[in-house]
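Quick note: the coordinates plus some simple rules give every number you see, no bench work behind them. Just so we're clear, the structure is a prediction, and the values are computed from it rather than from any experiment. As a convention, Cβ positions derive from the backbone with ideal geometry for all residues, glycine included, and neighbour counts pool all protein chains shown.
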Amino acid sequence: MDIRVRKENADGIVRLESSGEVKEVLVNEDILNPNKESISVCYRGKSSSGIVDFTPSEIERIYHAVQNRMHLIKGFKKFRI
């Protein structure tokens, strides 16, 4: 997994690039506040690590954007439940 981040601070715009391997995907459920559910993608690289949080609606948008282009990725296998 490659990560590219652009952040603005007092010195101007800072760009950060890193890479790592996805180690775990967590589904965070909140029984009392169902609107605060999230999906966390945890990654770790040689000199970096982090967690990327997505809302369920963001995951759905990513899925619909990629769904029609799956055939373009060579070696991709679909898992059906």
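Descriptive notes on the structure:
- In range of the label at VAL14: residues from the stretch 30-60 whose backbone nitrogen is under 13 Å from the point 7 Å along Cα→Cβ: none
- Length gained when the stretch THR55-MET1 is fully extended (0.36 nm per residue, less Cα-Cα span): 17.5 nm
- Put a plus charge on the Cβ of each Lys and Arg, a minus charge on the Cβ of each Asp and Glu, and nothing anywhere else: the dipole of the chain about its Cα centre is then about 560 debye.
- Take every pair of alpha-carbon atoms less than 8 Å apart whose residues are at least six positions apart; their mean separation over the length of the chain yields a relative contact order of 18 percent.
- Secondary-structure-derived ellipticity at 222 nm for the chain, considering helices only, amounts to -4500 deg cm²/dmol, per-run term -39500 (n - 2.57) for DSSP H runs with n ≥ 4.
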